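Engineer: Structure in structure tokens, see below.
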Amino acid sequence: MTRPRVGLFLHEHALTVAAVTGRGRLEHFTLASEEDLASLLRAELATRHLRPRWMRIGLQRSLVTVKPLELPAAAESSLAEVLRFELERHVPFSPEEMVFDSLALPTTRGGPLRVLVAACERRAVERALRLLAEPRLKPLSVTVACHNLPALLGRRLEARRAVWAHRRGEATDLVFLGSGELRLSRTVPAADGDELAGEIAGSLRLLKWKDFEAVWVSGDAIGGLVSSPALAALGAPVSEPPYRAGVATLLETVPEGERGVTVLALAVALGPRQPVLNLLPEALRPRMLTGGQVVTAGVAALAAALGLGALLTQGHADRRYLEDLDRTTRALAPQVKVVEKIAAELNQKKRLLAAFKAVEESGIRALPVLRELTERLPPDAWLSTLTLDTKSIELAGQASAAGQLIPLLESSAWIERVEFTSPVTRGRDKEQFRIKAAWEAGPAGPRSAPRPQGQD
């Protein structure tokens, strides 16, 4: 069975509950008692066979301070701390006893940051939450009840700016909507249309509105307000709210004298899962996906379904294609190895040619030097590294007696100042050496060095 959507409207020592059942019926009742409201609520829910999982709670507007504030644009990075500081001037209780939430309002480019803030005493929220302890219900949200009134409207509204006056007993809640979204709310003790018109006109200055397009009136004893000349003189048509079809059907079953509290309780029940100006502490809020996360998850699920369908329909053809490709690859493997071998040899020859060109461009004639080194070094000595540049020559290798190499190399007509660059180390049967020498002819290199005797 579909669980009912239940809203609880807490007002003066009483509470009104509205529940929309899975069959589209409206159950509503009001409990008035100075104490033990939690027990009465549990018993009434059991009697009516209402088993909600979550409970939405709406507070009467007079318990909450709702104010629009203008802040510097830089305050957005630490908005909570700035708002807590600003609210100290607007609420009659200390910051430790306060709970609040904020809603961003439309701002002009380069203008100040505008937010709508709702704040109330912590004990008001705690009192509401205690009502759910005995019925063992989980709170979904704690909001100002009249802020949920837009949930009763259709999605497409003709009025871009509208004023909703909801009357409950002697008090009237004014809700100002821009494009169907909350911009401001007030509670006023308006007894007739003249007083209500004056309160609406005074509120326009707070909103910085020049005009509006509709006045909607709901709740108790609204006949005189709908026909009020003072409200009509505001320049906008006065009528009942344009409820969506299902809501209008539900409200037809509500007696005239109970509409004030029942409409608010129904609005709380049908409110969004993530309402604006939610006074429920963060730790108690259920984890819910945001609209963007839902869209992303839906797109991902759709993509996964399409991908799975493509795999199922094309799987056989893909397997055959992969088998053919594998056979072709195996047939080409020997040719690929031959090409890779040729490419490796070609790269090696290119590197060798580049080395020869570099030596030739540097002006060093390495071949005569190599020939003399071959003749002078003893047969038991061999080189592992030979480095030549325009200033010096460096040799590294192994020999039976590395110390004998210094006089042999000093006698060369090509080099001078022969010396070890690191200590000689002994291996298994050879001594490892590293020798460095300068060219006999100086920076010009071996090109200008005297030719060795016995060579023509």
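The values are calculated or read from the model by the stated rules, or taken from the named source; none is laboratory data. As the structure is a prediction and not an experimental result, all values here were calculated from the model. Reconstructed Cβ throughout: ideal geometry from the backbone, glycine too, with neighbour counts over all protein chains shown. Just so you know, the surface numbers come from the protein's heavy atoms only, side chains and all, with ligands and any DNA or RNA stripped out. Shrake-Rupley method; radii C 1.70, N 1.55, O 1.52, S 1.80 Å.
Engineer: Considering only segment 10-105, give the strands (runs of 3 or more DSSP E) lying wholly within it that have at least 1 residues that are open to solvent by less than 60 Å² (accessible area, probe 1.4 Å), closer than 23 Å to G271 by Cβ and among the hydroxyl-bearing types (S, T, Y).
Structural biologist: 14-20, 65-71, 98-104
Engineer: Anything in segment 389-415 that is closer than 19 Å to A366 by Cα and open to solvent by less than 50 Å² (accessible area, probe 1.4 Å)? List them, or say none.
Structural biologist: S392, I393, L395, A396, G397, L409, S412, A413, W414, I415 - these are the residues of segment 389-415 that are closer than 19 Å to A366 by Cα and open to solvent by less than 50 Å² (accessible area, probe 1.4 Å).
Engineer: Within segment 370-397, which residues are free of Cβ contacts under 8 Å to residues at least 12 places away in the same chain and among the hydroxyl-bearing types (S, T, Y)?
Structural biologist: Answer for segment 370-397, where residues must be free of Cβ contacts under 8 Å to residues at least 12 places away in the same chain and among the hydroxyl-bearing types (S, T, Y): T374, T387.
Engineer: While we're on this one: Here are the criteria: (1) under 19 Å from K67 (Cα atoms); (2) in contact with a Ser or Thr (Cβ under 6 Å, 6 or more places away or on another chain). Tell me which single one A190 does not satisfy.
Structural biologist: Only one criterion in (1) under 19 Å from K67 (Cα atoms); (2) in contact with a Ser or Thr (Cβ under 6 Å, 6 or more places away or on another chain) is unmet by A190, namely (1).
Engineer: Here is a further query. Tell me yes or no: at least one residue of segment 205-216 is open to solvent by 60 Å² or more (accessible area, probe 1.4 Å), assigned to a strand (DSSP E or B) and acidic (D, E).
Structural biologist: no
Engineer: Here's something else I'd like to know. For the list (1) in contact with a helix residue (DSSP H, G or I) (Cβ under 9 Å, 6 or more places away or on another chain); (2) loosely packed, with under 13 Cβ neighbours inside 10 Å; (3) not hydrophobic (A, V, I, L, M, F, W, C), I need the number of the one condition that G193 fails.
Structural biologist: (2)
Engineer: Inspect segment 249-268 for any residue being closer than 17 Å to F176 by Cα, among the hydroxyl-bearing types (S, T, Y), part of a helix (DSSP H, G or I) and open to solvent by less than 60 Å² (accessible area, probe 1.4 Å) and give the result as yes or no.
Structural biologist: Checking segment 249-268: not a single residue is closer than 17 Å to F176 by Cα, among the hydroxyl-bearing types (S, T, Y), part of a helix (DSSP H, G or I) and open to solvent by less than 60 Å² (accessible area, probe 1.4 Å).
Engineer: Against the conditions (1) open to solvent by 10 Å² or more (accessible area, probe 1.4 Å); (2) in contact (Cβ under 8 Å) with a residue 60 or more places away in the chain; (3) of a type in the set (S, T, Y), where does S179 fall short? Just the number, please.
Structural biologist: Going through (1) open to solvent by 10 Å² or more (accessible area, probe 1.4 Å); (2) in contact (Cβ under 8 Å) with a residue 60 or more places away in the chain; (3) of a type in the set (S, T, Y) one by one, S179 breaks only (2).
This table checks each residue for (1) under 30 Å from T390 (Cα atoms); (2) open to solvent by less than 100 Å² (accessible area, probe 1.4 Å); (3) in contact (Cβ under 8 Å) with a residue 24 or more places away in the chain; (4) not in a helix (DSSP H, G or I).
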site	(1), (2), (3), (4)
G315	no, yes, no, no
E323	no, no, no, no
A333	no, yes, no, no
Q348	yes, no, no, no
L352	yes, yes, no, no
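Engineer: Something else now. Can you pull out the residues in segment 337-358 that are of a type in the set (D, E) and more than 53 Å from the chain's Cα centre (by Cα)?
Structural biologist: Passing the criteria: only E345.
Engineer: Looking at R130, R160, which one is in contact with a Phe, Trp or Tyr (Cβ under 9 Å, 6 or more places away or on another chain) and open to solvent by 70 Å² or more (accessible area, probe 1.4 Å)?
Structural biologist: From the options R130, R160, the qualifying one is R160.
Engineer: In this structure, is T385 loosely packed, with under 10 Cβ neighbours inside 10 Å, of a type outside the set (A, V, I, L, M) and touching a Leu at 6+ places or on another chain (Cβ under 9 Å)?
Structural biologist: Yes; evaluated as a whole, the condition is true for this residue.
Engineer: I've got another one for you. For segment 217-237, give me each residue that is loosely packed, with under 14 Cβ neighbours inside 10 Å and either assigned to a strand (DSSP E or B) or touching a Lys or Arg at 6+ places or on another chain (Cβ under 9 Å) (or both).
Structural biologist: Within segment 217-237, A221 is the sole residue that qualifies.
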